[in-house]
Every structure is written in structure tokens, then in C-alpha cells.
Amino acid sequence: MSGTAQIGVTGLAVMGRNLARNFARNGYTVALHNRTVARTHELVEEFGGEGHFIATESARDFVAALERPRRLVIMVKAGEATDAVIAEFAPLLETGDVIIDGGNAHFEDTRRRERELREQGIHFVGTGISGGEEGALEGPSIMPGGSEESYDSLGPMLEKISAKAEDGAPCVTHIGPDGAGHFVKMTHNGIEYADMQLIGEAYQLLRDVAGYSPAQIADIFRTWNTGRLDSYLIEITAEVLSHVDASTGKPFVDVVLDQAEQKGTGRWTVQIALDLGVPVSAIAEAVFARSVSGHADLRDASRHLTGPTARRLGADEAAAFADQVEQALYASKIVAYTQGFHEIAAGSERYDWNIDLGKVASIWRGGCIIRAAFLDRITSAYEARPRLPSLLADKGFAEEIAAAQGDWRTVTATAVTRGVPTPAFAATLAYYDSLRADRLPAALTQGQRDYFGAHTYHRTDREGTFHTLWGGDRTEVES
């Protein structure tokens, strides 16, 4: 078999199939491979008219169908399955060939695989792909890592199949070496968790405090989607809330079991943030909120717990409260993104990736799940100040939060007094207040640590490291 395919895809479940179709629709000849051969032929039979596919039945034939340098996309389950596919194909490849992992791999696995394959002369590109099955077909946001040389070969193809922002820019950029792409995709998903939790809390407040129905809340979200909250998640929230269950005639959200599942990237974001010492409280609370929802036994056992009886607002009060919730949602959203970009910056520094935060924001403007109008603002903020320490240090965002914080505090306080759980709203506000505080109780915490563990402390009035001998006359000594 002569090597005529510019790209190959192995693993033809929904994401892999749609990505292969996307390449073909954009004029590339695509080699296809799947462990179950029937799936390969089914794709060609059903979608062969969309472009040029080469169906193969063995790993050797698949590799032989690819032109040099070979570009091979793996779309299989992360973990052992990915390692197994690499072990199968790597011996068939040659120096300069490229393996692209498009799954949600842990970035440390990507770093290991990149290092091992580099020793064999093979480029390994851990690539975050966001947009779900529709994005894979119509144009996703793409976050490739790996070497500069690999991007020279692969980049133009990814740019062609990617989503395009409103200004026409492709939603893909070379993120950085080894695991940088999968790290950024992981953090994208962490921000997504926070965004979804904040939207859920806004919905709950509008329903339990303002007394709106799901259909009415859908209309509110549609209105919000015409302004600064314009985003994919706000858009689909309105669609979900307006949907009526066909079999019962009830609002769809009332027949769905209130137990949210998760696949792991949100947890990874929090775990790595802990390792990096980066506070991502909004993301953490979103992860824990899903965990709480899933512990049905604990919730059932707690039905006896008491709380305030919520009094629903009158029509005029409800409308004013909805406006306040919009302010709180926007301010909390800024903080959640601030925390996510802080984690990317810390990871970039730790692993020497040199990630351009402005470019990351720019490629999230289209295709991905968290695509939103205000990502243009984030892009501009980092372009103006590439070393911006925090989005809250940007004058524009700081002014908007200052304008929103009165309502933000009112909404959070209302949630507490009405007994409506809003962990992400509360966490983002606490983060904001922590950053602006003159003094934090960490001074007391450090004193306690020195008392029970001789962990030492620093002083505000002079340099050095100190320890107090807490017994007797409590003498201070310099360590």
C-alpha cells in the first residue's frame, strides 16, 4: 500500500470518527484504523462521500497508508489503552514520524510518553481537543503540546480543521513542550466545572428564592446570553431549562436525578493545583459539589436536618434579585477564570513550558465548551500585559468586579440566610476578599505551627527566620 494519506486516525468511536470526518471534509486523505474492523468499514460506507478515506485492517497497513512524515492520531481511552496503542504502532514508525494523542490524558503520562518516544526519534504530541462530538466534526478548540518541529508538520492541518473565532483566527496554537497541551486542556476542564457550578447555583437561587419556573429562568438566561455573559454554557443552559419531558409533561430538570457525574479532569485540576500551591477554590468547590450530589446515602440520612424556611420574593423583588444574581455570576466567573489562568501560569513556570496565556485565551474563543464573549477581554488583557499577575490586576476587570461586588455580597448573604447552598459563589467571594485583605489569619496559623512543631516564622519588621521557645519565658531565637 502506497503512503498517500496525510493523516491517520485510530480509534473510531464518536470523537475519533468525527475528527476523521473533519479532516476529510477539509480536503485531507485520511487513513482509518480501529480494533474492531467493522467500525472502519461502517464509517467509509456511511460517510465516504464527505472526502477521501483509506480503510485499513491492520496496524501495518495503517502505517503503510500514511505519507512521510507519518501523522497518526490516537483517539482511544486514556491510560493503559493509550499505552497499548503506542506500543503497537511505535515499532512500525520511523524517525520524524508523529503520534498525536487526542484523548484526555494526564499530562504527566504525556510527559513520560513524549520522553520515551523522543529517544526513538518519534515526535509525541499530547493534544487537548475541546468541543465534544459536535466540535470534533465542525471545528474544535485544539491545544497541542510537543516539539516545535512536530507543530511545523502538524500545525497547518490542525489550524484548518479547528474552530474559528469571530475574527477568523483559528482556535489552535502550539501550547508548549511535552505535556503542556494536556495540562492546559485539564485546566480548561477545571474552569468548565467551576463555570457549570456557578450557573447551577444561579439557577437554584432564581428558583428557590425568586420563585421562577424553569421556563422563566430559561428566558432570563437567554437575556443574559445577549450581554456580557454571552457563552456556550449560558446558551445551552437556556435550552436545557426550557425542555419539557415528553413522557411526563414536567420540566426536564425535574425528572433528571440530581447526581452529577465526573470523568476526572476536574479532580486532576484540583490535585495539581495543590501540588503547585495554587488556590483554585472555585474549581475545588465545583468538584466537591458534584461529589456531594453523588452521595445519595448521606443526603438521605440528613433529611432530618433543619434550616430556614425560604420565603419566595414578590414579582418586583424577584426581578431585582435576578439582576443581582447576574452581577454575582459575572463576578464569580471572572474569579474562576483568574484561578484557572493562575494554575496554567504556575504549571508553565514549574515545567518550563513558556505558555502564552493570551494565546490560550484566544483559542478558547471558539469551539470549546467554555467559549465565551469575555475571552476576548482576557486575550486583550494578557496581550497588553504578558506578565499580568492576575486577571484581577487588569484595570477593566477590577472595575467591573468593584461595580458588581455589592450585589455579589447581597446574593451570597441571601443564599446563606435562605439556606440555599452556593459553595462556588461563596468561595469566589472569599478569594476576592482574601486578595484585598491587609492582613490574613495566616499569621496566627504560623504562630500555632511554631508552637506545636517548631516550624519557625518570618517577622514583619526584620529579615530572618525565627522560632519562639514557648516554654518558660518564651524566648525568641533566630534560626
For region 234-274, how many residues meet the condition of being closer than 20 Å to residue 336 by Cβ, of a type in the set (A, V, I, L, M) and part of a loop (DSSP other than H, G, I, E, B)? 1
Sole miss for residue 62 among (1) modelled with pLDDT of 95 or more; (2) open to solvent by 60 Å² or more (accessible area, probe 1.4 Å) is condition (2)
Assuming residue 421 fulfils every condition listed in (1) in contact (Cβ under 8 Å) with a residue 24 or more places away in the chain; (2) out of contact with any Lys or Arg (no Cβ under 9 Å at 6 or more places or on another chain); (3) not in a loop (DSSP other than H, G, I, E, B); (4) not charged (D, E, K, R) apart from one, which condition is it? (3)
Residues within region 431-451 that are open to solvent by 50 Å² or more (accessible area, probe 1.4 Å) and part of a helix (DSSP H, G or I), tallied: 11
Counting only residues that are open to solvent by 40 Å² or more (accessible area, probe 1.4 Å), under 16 Å from residue 73 (Cα atoms) and in contact with a strand residue (DSSP E or B) (Cβ under 9 Å, 6 or more places away or on another chain), how many does region 5-48 have? 4
Take the conditions among the basic types (Lys, Arg), within 30 Å of residue 390 (Cβ to Cβ) and in contact (Cβ under 8 Å) with a residue 24 or more places away in the chain and apply them to residue 312. Does it pass? no
Please give the number of the condition residue 214 fails out of (1) at negative phi; (2) of a type outside the set (Val, Ile, Thr); (3) open to solvent by 20 Å² or more (accessible area, probe 1.4 Å). (3)
From the options 475, 460, 379, residue that is without any contact (Cβ under 8 Å) to a residue 60 or more places away in the chain and touching a Gly at 6+ places or on another chain (Cβ under 6 Å): 379
Going through (1) under 28 Å from residue 201 (Cα atoms); (2) surrounded by fewer than 16 Cβ atoms within 10 Å (Cβ to Cβ); (3) not small (Gly, Ala, Ser) one by one, residue 414 fails only at (2)
Subset of region 386-413 (residues that are without any contact (Cβ under 8 Å) to a residue 12 or more places away in the chain and over 16 Å from residue 429 (Cβ atoms)): 387, 389, 393, 395, 399
Would region 337-355 turn up any residue that is exposed (fewer than 13 other Cβ atoms within 10 Å of the Cβ) and in contact with a Ser or Thr (Cβ under 8 Å, 6 or more places away or on another chain)? yes
Quick check on my filter: what residues within region 169-199 are of a type in the set (Gly, Ala, Ser) and open to solvent by 30 Å² or more (accessible area, probe 1.4 Å)? 169
Output the residue which, of all residues in region 65-83 that are of a type outside the set (Lys, Arg) and over 18 Å from residue 13 (Cα atoms), is surrounded by the most Cβ atoms within 10 Å (Cβ to Cβ). 66
Go over the candidates 244, 253, 240, 280 one by one and state the one that is touching a Pro at 6+ places or on another chain (Cβ under 6 Å) and of a type outside the set (Ser, Thr, Tyr). 253
Of the residues 333, 359, which is part of a helix (DSSP H, G or I), open to solvent by 70 Å² or more (accessible area, probe 1.4 Å), under 20 Å from residue 397 (Cα atoms) and at pLDDT 95 or above? 359
Hits in region 126-152 (condition: part of a loop (DSSP other than H, G, I, E, B), at negative phi and open to solvent by less than 20 Å² (accessible area, probe 1.4 Å)): 140, 145
Within region 248-269, track down each residue that is in contact with a helix residue (DSSP H, G or I) (Cβ under 8 Å, 6 or more places away or on another chain), open to solvent by 70 Å² or more (accessible area, probe 1.4 Å) and over 30 Å from residue 107 (Cα atoms). 248, 252, 254, 258
Against the definition (over 20 Å from residue 337 (Cα atoms) and β-branched (Val, Ile, Thr)), how does residue 325 come out, yes or no? no
Would you mind stating whether residue 227 is open to solvent by less than 30 Å² (accessible area, probe 1.4 Å) and of a type in the set (Gly, Ala, Ser)? no
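The values are calculated or read from the model by the stated rules, or taken from the named source; none is laboratory data. Since we're looking at a predicted model, the values are computed, not measured. In this analysis, Cβ positions are derived from the backbone assuming ideal geometry, glycine residues included, and neighbour counts consider all displayed protein chains. Ligands, DNA and RNA are excluded from the accessible area calculation, which covers all protein heavy atoms including side chains. Shrake-Rupley method; radii C 1.70, N 1.55, O 1.52, S 1.80 Å.
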